[in-house]
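For reference, the structure discussed in these notes is given below.
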Amino acid sequence: MVRRLAITTIIAICLGGPILEMFDSWDRTAQDGNDTETDAVVAALCIGVAFAIGSIVVVPHIRSLSAASGTPVTVPPIVVPSIASILLPTPTASPPAILRV
């Protein structure tokens, strides 16, 4: 879900930047060389390339490793109660007295 939202945001920035650049009148890109829209588009494209490389290289490698192991990962039933006892809150002090104004 987060990955789809990130990709949608990247596409929106890449499409919205040039459209915003066509209609902007608040900056003088030719005179001062500062162009925020283009910088945002370039940054979004770099992040998009990183996502693409991650999808092409890393994800198949992880899937092949999990398929090669052949044994499913199981949690022994003894571990679950011990973890649950650690996660339970333990009161260490009495609650604070009511503040009077």
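The values are calculated or read from the model by the stated rules, or taken from the named source; none is laboratory data. From a predicted model like this one, the values you see are computed outputs, not experimental measurements. No Cβ is skipped: glycine too gets one built from the backbone with ideal geometry, and neighbour counts run over all protein chains shown.
For the range 70-80, check the following and say yes or no: at least one residue is farther than 30 Å from residue 11 by Cα, modelled with pLDDT under 65 and part of a helix (DSSP H, G or I).
Yes: one or more hits.
Out of the range 1-44, which residues are polar (S, T, N, Q) and not in a helix (DSSP H, G or I)?
25, 34
Within the range 27-59, take every residue that is acidic (Asp, Glu) and out of contact with any helix residue (DSSP H, G or I) (no Cβ under 8 Å at 6 or more places or on another chain) and give me the one that is surrounded by the most Cβ atoms within 10 Å (Cβ to Cβ).
The selected residue is 39.
Output the number of residues of the range 16-26 satisfying the condition of being closer than 14 Å to residue 39 by Cα and either surrounded by 12 or more Cβ atoms within 10 Å (Cβ to Cβ) or touching a strand residue (DSSP E or B) at 6+ places or on another chain (Cβ under 6 Å) (or both).
4
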